[in-house]
Amino acid sequence: MQNQKKIRKIGVDTGGTFTDIVMSLEGSLWTHKVLSTPKNPAHAVIKGVSEILEQHKIDSHSDVEIVHGSTVATNALLEYRGAKIALITTKGFEDVIEIGRQTRPHLYDINVQRPAPLITADRRFGITERTLHTGEIQTKIAATELEKLKTKLMGLALDAIAICFLFSYVNPKNEKIVADHLSSLNIPISCSHEILPEYREYSRFSTTVANTYIRPTLEKHLSTLIESDTFPQSFRLMLSNGGCISARSFESAGIQTVLSGPAGGVVGAFQVANTAGYDKIITFDMGGTSTDVSLCDGGISMTTESTISGLPIKIPLIDIHTVGAGGGSIAKVDSGGALRVGPESAGAVPGPICYGNSGTEITVTDANLFLGRISPSHFLGGRMSLASDMTQQHIEQIANQLGLSPFETADGILKVANAAMERAIKVISVERGFDTREFTLVSFGGAGGLHAAFLAENLGIKNVLIPPNGGLLSAYGMLFADVVKDYSQTVLWKTEDLGSNFLIQLNNGFDTLLNRAKDDMKSEGFDMSQLKIKRSLDMRYVGQSYELNVPYEERETDFVVQFHDMHEKRFSYARQDASVEIVTLRLTAIRETEKPTLTPEPLASSESLHARIAENTVIFENEKHSTGFYKRESLLPGNKIVGPAVVTEFSATTIIPPNFDAVVDVYGNLILSRR
């Protein structure tokens, strides 16, 4: 990866096992990787950034722009390790976050386990107030009740407070009154009208509560970075929508960072693939603890609905599907004698057995090593040796439990993990009407290259693109992040009721959002002339429960026609005579940033022997194959490798099975194709 622009920019992705750093400096890209520090992820970030700056003799207080994505918020939700918080809501609606929607992910599963609410019943308080759907305040809040509430909260040793009232998205006055009164407690407060001014109580309450829950954890993480003497003070946070914001904006946007790492990966994958001439791709990001997949049909797919650990999160974000299968996923034999892989992970500590720490449970990485698909002496560019003997002992133990040979057991572990990842790809492709044969699989993440070819074969995908430094692609994608802020407002307008002045009413609604964007971007240091504004409408037929998002240009009049066309394309029918409703106005403000530019290199010969570093035995389908090992950094554009082969690089390993070949394109991408 090379670029021509002389910018000094660093992308940092804190993951489960490793923390990845990519720096754009004077026309070149430099990479670095350090083990994560789960107890305080900020320590690995500081260490990694300090080391890469020191390597290039750059002072940490010089002009360095950092975009930082992390799993801090995600892990707090997944592991229920967030703050001790309280919920203030309209009296009688204290249990909304526990009742939910009464839907079941598996219709016939009578033993389904619903996720526990983030706030227990004893910390959910109702207050007498009522705002009507029109915005009229029907019941004002009594000062005496406020004072009693404040006294109760003072005795709970809370870390944060969430305030969620009915119809506050129409008129937030009552939420503001309570927030102002409780501000003297000096506790962070999140109001639903600020986090998500949209209707549907459960989604709004759940998103606001989740933001409140992760806020102190994220604040601690950022404080460690800000207070460090060796970490540059000017940095932004990567968001789940593929953009970024300044670190000081996290109070109202903490929940928007929940999928920041995976979002960086999709952005990076799309940039690399699009430059190489592939615009229909499926991104496959396999890390240490999970796998993230996303479908890009000519552009990055976005959504406003997501679920994390069973909790609905309603924010604009890249459409990513995640499964608990990664290099660190643990293999076990269940009580019925069947082999299970994941979702539990060995994480960074203790990590896979082959890392030589205190791990005792076999992982996907251990299975790859046992089959010879990872070179124990070339891991992390030779900086880390793997303990093959320890791995073999534990593989043999689990093989005895299954009654299989050790090779069959290791191969079975990989096939079970592959099946889980294959299902994830089908969710975002086949189940939505897409033909996987029309797409290219773009594989990255530390473990992606070990599995990509096998997934492609099972899904009928002909080509796999593996970019250089694929294990750090999420951090690389952060170099492309623009400053982005999203705004929304539920309106529930029937188009037939808007009358002749509908354009005025519609644009007035957008003007309100635009004014908020101007103020926020001004605090970021940008004026209106530097912004790109995108407007859209969530629309539906009256009586429907879900909406389609329709792009909207100012003064546009044919958005209803566009909605009918989109509905017919998505659902194969349109109701031209039905009443149409505008549910939510959405506005996105974008300040484009300077980005690296990939430049092609001249093609060399197809010969690749100069990059060959070893010849070892590797197991494919329980058969031994003499396999060449190649150093990725020594390969040149035009070089061709005939499978079976293994390509090693600092951040990842790529398997080229016996029925695949690979060629290096002009951008340094490794293109795997089935024979």
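If we keep just the residues of region 643-670 that are among the acidic types (D, E) and open to solvent by 20 Å² or more (accessible area, probe 1.4 Å), which is farthest from L465 (Cα to Cα)?
Result: D661.
Just one of the numbered conditions (1) in a strand (DSSP E or B); (2) surrounded by 13 or more Cβ atoms within 10 Å (Cβ to Cβ); (3) of a type in the set (S, T, N, Q) is not true of T74; which one?
(1)
Could you check how many residues of region 430-452 are more than 22 Å from P343 (Cα to Cα) and open to solvent by less than 40 Å² (accessible area, probe 1.4 Å)?
5
Can you tell me which of (1) in a strand (DSSP E or B); (2) in contact (Cβ under 8 Å) with a residue 40 or more places away in the chain; (3) open to solvent by less than 10 Å² (accessible area, probe 1.4 Å) is the one G261 doesn't meet?
Every condition holds for G261 apart from (1).
Out of everything in region 591-625 that is open to solvent by less than 20 Å² (accessible area, probe 1.4 Å) and outside any loop (DSSP other than H, G, I, E, B), what residue ends up being nearest to M478 (Cα to Cα)?
Filtering first and then ranking leaves A611.
List every residue pair whose Cβ atoms lie under 8 Å apart, where the two residues are 6 or more positions apart in sequence or sit on different chains, the first residue falls within region 63-88 and is closer than 22 Å to G268 by Cβ and at pLDDT below 90, and the second residue, located anywhere, is of a type in the set (K, R) and assigned to a loop (DSSP other than H, G, I, E, B).
Sorted first by the residue in region 63-88, then by its partner, the pairs are N75/R81.
How many residues does region 616-637 contain that are aromatic (F, W, Y) and within 24 Å of P406 (Cβ to Cβ)?
2
Any residue in region 417-424 that is of a type in the set (A, V, I, L, M, F, W, C), closer than 21 Å to D297 by Cα and open to solvent by less than 70 Å² (accessible area, probe 1.4 Å)?
Yes.
Scan region 153-178 residue by residue and report those that are free of Cβ contacts under 8 Å to residues at least 24 places away in the same chain and either touching an Asp or Glu at 6+ places or on another chain (Cβ under 9 Å) or more than 26 Å from R586 (Cα to Cα) (or both).
Within region 153-178, G155, E175 meet the criteria.
Under 7 Å between Cβ atoms, which residue pairs at least 6 apart in sequence (or on different chains) link something in region 459-488 that is over 28 Å from T17 (Cα atoms) with a partner that is open to solvent by 10 Å² or more (accessible area, probe 1.4 Å) and aliphatic (A, V, I, L, M)?
N463/I671; V484/I590
Output the helices (runs of 4 or more DSSP H) that fall wholly within region 457-575 and possess 3 or more residues being under 23 Å from I300 (Cα atoms) and open to solvent by less than 40 Å² (accessible area, probe 1.4 Å), or say none.
Filter on region 457-575 gives 473-477, 559-571.
For region 274-287, which residues satisfy the criterion of being surrounded by fewer than 21 Cβ atoms within 10 Å (Cβ to Cβ) and either among the polar types (S, T, N, Q) or closer than 26 Å to A589 by Cα (or both)?
Within region 274-287, N274, T275, D279 qualify.
I413 fails exactly one of the following numbered conditions: (1) at pLDDT below 95; (2) farther than 21 Å from K624 by Cα; (3) surrounded by 19 or more Cβ atoms within 10 Å (Cβ to Cβ). What is the number of that condition?
(2)
This table checks each residue for (1) in contact (Cβ under 8 Å) with a residue 24 or more places away in the chain; (2) within 30 Å of the chain's Cα centre (by Cα).
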site: Y546; (1), (2): no, yes
site: R555; (1), (2): yes, no
site: H564; (1), (2): no, no
site: P600; (1), (2): yes, yes
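Among the residues of region 426-458, what is the count of those that are within 30 Å of S572 (Cβ to Cβ) and of a type outside the set (S, T, Y)?
Count: 17.
Among the residues in region 649-663, are any touching a residue at least 60 places away in the same chain (Cβ under 8 Å), at positive phi and part of a loop (DSSP other than H, G, I, E, B)?
No: region 649-663 contains no residue that is touching a residue at least 60 places away in the same chain (Cβ under 8 Å), at positive phi and part of a loop (DSSP other than H, G, I, E, B).
Within the bounds of region 43-50, is there any residue that is assigned to a loop (DSSP other than H, G, I, E, B) and either at pLDDT below 90 or open to solvent by less than 60 Å² (accessible area, probe 1.4 Å) (or both)?
Looking through region 43-50, none of the residues is assigned to a loop (DSSP other than H, G, I, E, B) and either at pLDDT below 90 or open to solvent by less than 60 Å² (accessible area, probe 1.4 Å) (or both).
Looking at S290, S234, which one is open to solvent by 40 Å² or more (accessible area, probe 1.4 Å) and in contact (Cβ under 8 Å) with a residue 60 or more places away in the chain?
Just one listed residue meets the conditions, S234.
So G638 clears everything in (1) within 30 Å of I245 (Cα to Cα); (2) of a type outside the set (S, T, Y); (3) modelled with pLDDT of 95 or more except one condition, right? Which one?
The failed condition is (1).
Determine whether region 437-459 contains at least one residue that is touching a helix residue (DSSP H, G or I) at 6+ places or on another chain (Cβ under 6 Å) and modelled with pLDDT under 90.
yes
Among what's in region 626-642 and is open to solvent by less than 10 Å² (accessible area, probe 1.4 Å) and either of a type outside the set (S, T, Y) or in contact with a helix residue (DSSP H, G or I) (Cβ under 7 Å, 6 or more places away or on another chain) (or both), pick the residue that is nearest to S606 (Cα to Cα).
Among those that are open to solvent by less than 10 Å² (accessible area, probe 1.4 Å) and either of a type outside the set (S, T, Y) or in contact with a helix residue (DSSP H, G or I) (Cβ under 7 Å, 6 or more places away or on another chain) (or both), it is N639.
Does R248 meet the test of being in contact with an Asp or Glu (Cβ under 8 Å, 6 or more places away or on another chain) and either assigned to a helix (DSSP H, G or I) or among the charged types (D, E, K, R) (or both)?
The answer is no for R248.
Six or more apart or on different chains, Cβ atoms under 9 Å: show the pairs whose first residue is in region 566-577 and over 16 Å from Y546 (Cα atoms) and whose second is open to solvent by less than 100 Å² (accessible area, probe 1.4 Å).
Listed pairs, sorted by first residue: Q576/H564.
Out of region 159-209, which residues are of a type in the set (S, T, N, Q) and open to solvent by less than 30 Å² (accessible area, probe 1.4 Å)?
Hits for region 159-209 are S168, N174, S190, S192, S203, S206, T207, T208.
Considering (1) in a strand (DSSP E or B); (2) more than 18 Å from the chain's Cα centre (by Cα); (3) acidic (D, E), say which one D13 fails and leave the rest.
(2)
If you go through region 204-239 one residue at a time, how many are over 23 Å from V64 (Cα atoms) and assigned to a loop (DSSP other than H, G, I, E, B)?
Total meeting the criteria: 0.
Looking only at region 89-141, count how many residues are in a loop (DSSP other than H, G, I, E, B) and surrounded by 17 or more Cβ atoms within 10 Å (Cβ to Cβ).
Residues that pass the stated criteria total 8.
The values are calculated or read from the model by the stated rules, or taken from the named source; none is laboratory data. Keep in mind that this is a model prediction, so the values were computed, not measured. Backbone-built Cβ (ideal geometry, glycine too); neighbour counts: all protein chains shown. The area values use the complete protein model at the heavy-atom level, side chains included, leaving out ligands, DNA and RNA. Shrake-Rupley method; radii C 1.70, N 1.55, O 1.52, S 1.80 Å.
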